[in-house]
Amino acid sequence: MRIDILTIFPDMFTGVLSESILKIAQEKGLVEFHLHDIRDWTRDKHRSVDDRPYGGGPGMVMKPEPVFRAVEEVVGEDEEAEKILLSPQGEPFNQEMASELAGKKRLIFICGRYEGFDERIRLGLGVREISLGDFILAGGELAAMAIIEAAVRLIPGVLSCEDSAKFESFSSWLLDYPQYTRPQVFRGMRVPEVLLSGNHEKIRKWRKKEALKKTEARRKDLLDKK
């Protein structure tokens, strides 16, 4: 997979892309990242990417010209590239969407700043708007990082244990079951005896029951949807 990231702060990504799962994915040759500074497509001496909104109002708005030029040049003739605009107005991101994106050959992330994008960017570039949740960030960079990691770790071969992604929270309609490791007793808290029994069928049933119990208590909406 190839992932292009268009932003006015490309340095924000350098540490994230060079650590942990994303680093491993690159070393395995399963994904490649390309960072692009939207300011490189401006044509004024101040390299301006924003301007005051028509009709008045607070803040500044991302201009269409540099964003259009950047996207069109980076995408080129690749009609299969999925262009993603990070926006609080977009469809809510979830695990199902992460799995969908993991199957794409190329993703283009467009990170905004300030009060958002000129509406013509949404209308004219054929973008898919995705939101990380019902809250506001200073820009799309952190949202892009989260979505990228969620999708890349689902690419076959990225995780050393393929089953890790299958049994996580949201991979089904349940939250994950409780997990324990050594020591068996810590500050008076014991590992449930069933996990020490060696009876795999009992352990499977216990985990299913505990996952249901946790989902009922914390995210009943998931059970209602199911």
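Only the coordinates and a few stated rules stand behind these numbers; no lab work does. Everything quoted here is computed from the prediction, not taken from an experiment. Cβ coordinates were reconstructed from backbone atoms using ideal geometry, including for glycine residues, and neighbour counts include every protein chain displayed.
When a/c is below 1.5 the answer is rounded, else prolate if a/b is larger than b/c, else oblate, so apply that to segment 49-90 with a ≥ b ≥ c taken from the square roots of the Cα gyration tensor eigenvalues.
oblate
Suppose each label sits 7 Å from its Cα in the direction of the beta carbon; what would the S160-I203 distance come out to in nanometres?
Spacing of the two 7 Å Cα→Cβ label points: 1.9 nm.
Peptides 105-118, 192-205, 69-82, 31-44: what's the order by average Cβ count within 10 Å, highest mean first? Walk me through the numbers before you get to the answer.
Numbers: 105-118: 20.9, 192-205: 11.6, 69-82: 13.9, 31-44: 16.2.
Answer by packing, highest mean first, reads 105-118, 31-44, 69-82, 192-205.
Using the charge dipole of the chain (Lys, Arg: +1 at Cβ; Asp, Glu: -1 at Cβ; taken about the Cα centre), state which of A138, M12, P92 has its Cα farthest towards the positive end.
The one lying farthest along the dipole's positive direction is P92.
Could you check the simple spin-label distance between E79 and Y54, using points 7 Å along Cα→Cβ, in nm with one decimal?
According to this spin-label approximation, the distance is 3.2 nm.
Return the distance in nm (one decimal) between the two label points of a simple spin-label model at D134 and K220, each offset 7 Å from Cα along Cα→Cβ.
In this crude spin-label approximation the distance works out to 1.7 nm.
Mind checking the full-extension length gain between H46 and E96? Use 0.36 nm per residue of separation minus the Cα-Cα distance, one decimal, nm.
Extra length available between H46 and E96 comes to 13.8 nm.
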